[in-house]
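One structure below.
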Amino acid sequence: MNLFNVYPLFNINPVKAKGSFLWDDKGEKYLDFYGGHAVISIGHNHPHYQNKLKQQLEKISFYSNSVQNELQTELAEKLGTLSGYENYNLFLCNSGAEANENALKLASFHNGKSKVLYFSGSFHGRTSAAVSVTDNPKIVAPVNFSERFIKSEWNDIKQLEEIFETQGNEISSVIIEGIQGVGGIMIPTVEFLSKIKDLCEKYDAALILDEVQSGYGRSGYFFAHQEFGIEPDMITTAKGMGNGFPIGGVLIHPKFQATNGLLGTTFGGNHLACAAAIAVLDVMKDEDLMANAQKMGNYIENELKGFPHIKSIRRKGLMIGVELDQDCSEVRKSLLYDHHIFTGNSNDKSVLRILPALNIGQEETDLFVSALKVVLDKI
């Protein structure tokens, strides 16, 4: 049997990782400034993370959600405290797409409505409803398409108001990323988010903040929307939540009532996943990683200012988009193959996406800055 060939693959096979570095099967060392799409939040193989998982493996790795799991309670309490959402409830699942699916479903259960508003440039996942609110026709199969899903332009308040005026009574939820990642590090304005919140309250629609990539300290706040003082009805999270172990979650406003069987999952919130997620929160708190995201994000932006071929730097914390005056693909390849540095791209072909671990230091950062300068100077 062969693998189903859906991913374009770099000819690199990482076999070891530590901190912000990877080593391939040939012994070559790479600087990780992408974290596997913002997944590596506390660095590869952090000692506390390793110990938590090892200790849990020696106890129990899995049983179903038909029994009590005290690790889920510990995770919910620590997540509520560190994020500032102590009064919310937590539903645990396995991925960002699954989190968004459950949030969209819960909103529809709650208000009995069926339409969903989403935005241009969005990416919310590849599963049924999540891909239907993703702005990429290439990955939306005919079975996923429905007129129930309404697209509005990013940061366009006028169009937003027009859609609610004509269809507001049918809109169940609005889903928006705290910062668009795949879309090219696009940041919503406070006026735009505030208007969405107001319209959702007026028309009894649920506001879902997708913080799968922009959350967990990446922006310098626990969730990116918290900079603007917006309180959503639901917040979805994954990626950096488990530092590589698959886990996702939905933070749910207490106005939503739970009933038996309303939502469900086989693997969500299993013992190993919870151990990983608890370790991440412990490290984030103990090492003050949100402050470090602010500090190092500022440092990177200041170091890159004045570099040739950079049109703009879109950034909150360590969620960084470097907009070039050309397609970034050759720059990205040169960073990878000539300088052994992983970076990312986006649907905006000119944007180089930078998503290092939240505990990145100046020494590693200077390696990236120096390499990017060399690459851009050669163009």
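Please state the charge dipole magnitude for the stretch 16-133, taken about the Cα centre, from unit charges on C-beta atoms (+1 on K and R, -1 on D and E), reported in debye and rounded to the nearest 20.
Result for the stretch 16-133 is approximately 180 debye, rounded to the nearest 20.
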| field | Order of exposure, largest accessible area first, which applies to E101, E165, E287 with probe 1.4 Å | value | E165, E287, E101
| remark: One computes Rg over Rh for the stretch 252-291 from alpha-carbon atoms, with the Kirkwood Rh, and obtains 1.15
| said: What whole-number distance in Å separates the alpha-carbon centres of the stretch 335-369 and the stretch 88-133? | reply: 30 Å
| Counting only protein heavy atoms, what percent of the accessible surface of the stretch 331-379 is carbon or sulfur at a 1.4 Å probe? | 47 percent
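On average, how much accessible surface per residue is there in the stretch 196-323, in Å², for a 1.4 Å probe, leaving out ligands, DNA and RNA?
35 Å²
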| Normalised by the number of residues in the chain, what is the relative contact order in percent for Cα pairs under 8 Å and 6+ residues apart? | 22 percent
| Dividing the convex hull volume of the Cα atoms of the stretch 104-171 by its residue count, what figure in Å³ per residue is obtained? | 86 Å³
| remark: From most to least accessible, 1.4 Å probe, no ligand or DNA/RNA atoms counted, L372, L57 line up as L57, L372
| By what distance, in whole Å, do the Cα atoms of the stretch 16-173 stretch along each of the three principal axes, largest value first? | 56, 43, 32
| task | Beyond 17 Å, what share of the Cα-Cα pairs of the stretch 114-252 is found? Please give it as a whole percent. | result | 57 percent
| With each pseudo-label sitting 7 Å past Cα toward Cβ, what's the K59-K151 distance in nm, one decimal? | 4.7 nm
| said: If a paramagnetic tag sat 7 Å from the Cα of Q326 along the Cα-Cβ line, which residues of the stretch 334-358 would have the backbone N under 14 Å from that point? | reply: 334-335, 350-351
| said: Ordering D366, D24 by accessible area with a probe of 1.4 Å, largest first, what comes out? | reply: D366, D24
| said: Which trypsin sites (Lys or Arg not before Pro) in the stretch 1-42 sit in a loop by DSSP (not H, G, I, E or B) and have at most 15 other Cβ atoms within 10 Å of their own Cβ? | reply: K26
| How much accessible surface does V6 have with a 1.4 Å probe, in Å² rounded to 10? | 90 Å²
| said: Nearest 500 deg cm²/dmol is fine: what mean residue ellipticity at 222 nm does the chain get from its DSSP H runs of n ≥ 4 alone, each adding -39,500 (n - 2.57), divided by its residue count? | reply: -11000 deg cm²/dmol
| said: Ignoring ligands, DNA and RNA, please state the percent of accessible area on the stretch 26-108 from carbon and sulfur, probe 1.4 Å. | reply: 49 percent
| request: Report relative contact order for the stretch 137-247 in percent, whole number only (criteria: Cα-Cα under 8 Å, sequence separation at least 6). | output: 22 percent
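If you roll a 1.4 Å probe over the heavy atoms of the protein chains, what accessible area per residue do you get for the stretch 56-148, in Å²?
54 Å²
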| task | Please calculate the 1.4 Å probe accessible area of K311, with all protein chains present, and give it to the nearest 10 Å². | result | 140 Å²
| For the stretch 1-61, what is the relative contact order in percent, using Cα pairs closer than 8 Å and at least 6 residues apart in sequence? | 23 percent
| Coordinate range along principal axes, alpha carbons of the stretch 219-365, Å, largest first | 58, 31, 30
| request: May I ask you to order 340-352, 117-129 by the average number of other C-beta atoms within 10 Å around their residues, highest value first? | output: 117-129, 340-352
| said: Quick check for me: using +1 on Lys/Arg Cβ and -1 on Asp/Glu Cβ, what's the dipole size of the stretch 248-370 about its Cα centre, in debye to the nearest 20? | reply: 540 debye
| said: Nothing charged except the Cβ atoms of Lys and Arg (+1) and of Asp and Glu (-1): what's the magnitude of the dipole of the chain about its Cα centre? Round to the nearest 20 debye. | reply: 600 debye
| note | For the stretch 262-320, the accessible surface attributable to carbon and sulfur atoms (probe 1.4 angstrom, ligands and nucleic acids excluded) amounts in percent to 47 percent
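The values are calculated or read from the model by the stated rules, or taken from the named source; none is laboratory data. Note that the structure is a prediction, hence the values are computed from the model and not measured. Glycine gets a Cβ as well: all are built from the backbone with ideal geometry, and neighbour counts include every protein chain shown. The protein model used for the area step is the full one, side chains on, heavy atoms only, and it has no ligands, DNA or RNA in it. Shrake-Rupley method; radii C 1.70, N 1.55, O 1.52, S 1.80 Å.
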